[in-house]
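**Q** Input: one structure, supplied below.
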Amino acid sequence: MVIFNNMWTLLAFTVSTTVLLLTHSCTAAKSELIVTTIKQDPYTMAKGSQLEGYCMDLLSELAKKLGFKYKVHLVKDGAYGRMDDSGSWNGMIGEVVRGEADIAVAPLTLTAAREKAVGMTKPYMQTGISILLRRDIVSQDSGFFDFLSPFSGETWFGILIAYILTAVCICIIARLSPSEWSQPENEHNNFTLLHSLWYTAGALSLQGAGPHPKSPSGRVVSCTWWLFAVVLLACYFSSLSSNQSSDSSHLMIKGFEDLANQDFIEYGTLTGSSTLAFFKNSNNPSYRRIYEHMERRKSLVSSMDEGVQRAREGNFAFIGESVSLDLAVARYCELVRAHEVIGMRGYSIVTPLGSPLLKNLSVAILQLSEAGELAYLRSKWWASSCMAHSAKASSLKAHGMKGIFLVLAVGLGIGVLLALLELTSKSRSSAQEQKKSCCSVLTQELSQRLRTSNTKRDQETSDKSKA
C-alpha cells in the first residue's frame with residue numbers, strides 16, 4: 001500500500017512538472033508579442049528602418065511595466081478595422097481576431113461593435129468628432145475690440161510711443177525756440193506738456209487744436225506729424241474696410257448644425273471609419289443630413305492625410321477625430337478646428353477576447369496616466385510648429401510701416417536741431433551786445449527755458465515780498 005501511494009505521488013509530481021514545463025515553454029514562445037499598427041502621424045511614423053511616434057513610445061512604456069518583448073509590423077491592408085456584410089473583420093481588428101497579431105496599438109476608437117469582436121483596454125486618449133477647415137474661409141466671432149484688428153499689438157505700441165515722443169518734442173521746441181518763447185522771464189509759454197499732448201492728439205484725428213507753432217522748427221515737427229497721421233489713418237481705414245468686406249463673404253461655421261445648413265463648403269470624412277458609422281447610426285436629423293450628403297456627393301476620403309490636404313486646398317471641411325485634427329492645426333497654420341466636439345470616445349489597445357493581457361494593459365495605462373506620462377507624450381508629439389494667431393493675418397505689423405516711423409523720427413530730430421540752432425543764434429547776438437561769452441549766455445538761456453517753475457511768477461512773488 002505504501003509502495004502504491006509512493007507511485008501515485010511520483011506520477012503526480014511527474015505530470016505537474018511536465019505541465020509547468022509546457023506552460024513555461026508556451027510562455028517563452030509568447031514572450032515576444034506580435035504587434036500590429038498603422039502609419040498615421042504622429043502615432044506611428046517611419047524613421048529609416050524603424051518606427052517612431054506616440055504609439056511606439058506608449059508601447060515601449062507598457063513593455064517596461066509588464067516585462068514583455070514585442071515585434072511590430074504594419075497592417076497588411078492599411079485599414080483600422082471594419083466588419084463587412086459577411087461578418088468578417090478587416091484591418092488591425094481582423095488580424096487580432098484571426099490570431100495574426102497579439103495586440104493592436106494604434107488610434108483605434110472604442111466602439112460597441114469592436115468590443116464584441118475583440119478585447120479593448122481602458123482608453124489611453126480621449127477624443128471626439130470635430131470639423132477641420134481653412135482659416136480664411138471661416139469668419140471668426142466678432143469681438144468688442146475688432147476695431148483694433150487692422151494693426152497688430154506691436155504697431156499700436158509703436159504709435160503710442162510716437163505720439164508721446166512727438167508731444168514731448170513739441171513741448172521742448174516751444175521752450176527752446178526764441179520764435180515761440182522770446183522772453184522767458186516775462187512771457188508765459190503756451191505750449192505746456194498737456195497742451196502739446198492735446199495738440200498732437202488733435203492733429204492725429206485731423207481736427208486740429210490751436211495755437212499752432214510759429215517757429216520753423218515747430219512747423220517742421222508739426223508737418224512731419226501731420227504726414228504721419230495721414231498715412232497712418234489711410235492704412236487703418238484701408239485695412240479695416242478690407243477685413244469687413246472679406247468677413248462678409250465668409251461663413252460662420254461653429255459646429256455641425258451650421259455645416260449641415262450650408263451648401264457652399266463640401267465636407268467629408270474617412271471611409272469605413274467609426275466617425276462615418278457615428279453619423280450613419282445617429283438619430284439626430286442634422287447628423288443624418290450630413291451622412292446622406294457625404295454618401296450622395298461621394299465626398300469620403302481614403303486616408304487622414306488626404307482629408308487634411310483637401311482642407312488645406314480650400315472649400316472643403318474634413319470631419320474627423322478631434323485629436324488628429326488638433327495635430328493638423330498645430331502643423332498647418334492656415335487650418336482651424338471648429339469649437340464643437342461631439343461623440344466623445346477614447347482610443348484603446350486591442351487584444352483577443354479573453355486574453356490575460358487585457359487586464360494588465362488597462363492597469364498599466366491607468367498607472368501611466370496617473371504618473372503624467374500620457375500627458376507628456378501628448379505634449380511631445382502634438383507640439384505646435386506655428387505661432388498662435390492672436391491677431392488676424394491681415395493685421396499690419398510694425399516693420400510693415402517702418403518707413404513712416406523713420407520719416408517721423410527724422411522730422412523730430414531736425415525740429416529739435418533747428419530749435420537749438422535758433423537759440424544758439426540768439427545767444428550769440430545777445431553775447432555780442434552784453435559782451436559776454438556765447439557759452440555763458442547759452443547756458444543761462446537753457447537754464448531759464450528748461451526750468452520747470454514759472455520764472456515770471458517767481459519774480460512777482462519776490463517783488464510783493466519786497467513791497
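**Q** Give me the net charge for the shell around Q367: Cβ to Cβ below 14 angstrom, other residues only, Lys and Arg +1, Asp and Glu -1.
**A** Values: positive: K64, K65, K122, K359; negative: E61, E370, E373.
That works out to +1.
**Q** Please report the accessible area of C171 (heavy atoms, 1.4 Å probe, ligands and nucleic acids excluded) in Å², nearest 10.
**A** My reading of the accessible area for C171 is about 20 Å².
**Q** Largest first, how would L193, L176, L233, L110 line up by accessible area (1.4 Å probe)?
**A** On the way: L193 85, L176 10, L233 40, L110 65 Å².
The ranking, largest first, comes out as L193, L110, L233, L176.
**Q** Related question: Just the Cα atoms of the stretch 146-245, one point each, no solvent: what log10 I(q)/I(0) does Debye give at q = 0.17 Å⁻¹?
**A** -0.77
**Q** Summarise the accessible area of the stretch 146-245 (1.4 Å probe, protein heavy atoms) by the percent that is carbon and sulfur. Don't jump to the answer; show the numbers that get you there.
**A** Values: 3320 of 4810 Å².
With neighbouring chains kept in place, the figure for the stretch 146-245 is 69 percent.
**Q** So, taking all protein chains as they sit and a 1.4 Å probe, how much accessible area belongs to E295, in Å² rounded to tens?
**A** Accessible area of E295: about 70 Å².
**Q** Send over a whole-number figure in Å² for the accessible area per residue of the stretch 146-245, probe 1.4 Å. If you can, show how the numbers build up before the last one.
**A** Numbers: 4810 Å² over 100 residues.
That works out to 48 Å² per residue.
**Q** Could you tell me how far the Cα centroid of the stretch 253-314 sits from the Cα centroid of the stretch 35-78, in Å?
**A** Using only Cα atoms, the two centres lie 30 Å from each other.
**Q** Summarise the long-distance tail of P(r) for the stretch 282-329 by giving the % of C-alpha pairs beyond 16 Å. Each step should come with its number before you reach the end.
**A** On the way: 515 of 1128 pairs.
Result for the distance tail: 46 percent.
The values are calculated or read from the model by the stated rules, or taken from the named source; none is laboratory data. Here the structure is a predicted model, which is why all the values come from computation and not from measurement. Heads up, the Cβs are rebuilt from the backbone with ideal geometry, glycines too, and the neighbour counts pull from every protein chain shown. With ligands, DNA and RNA removed, areas are computed over all heavy atoms of the protein, side chains included. Shrake-Rupley method; radii C 1.70, N 1.55, O 1.52, S 1.80 Å.
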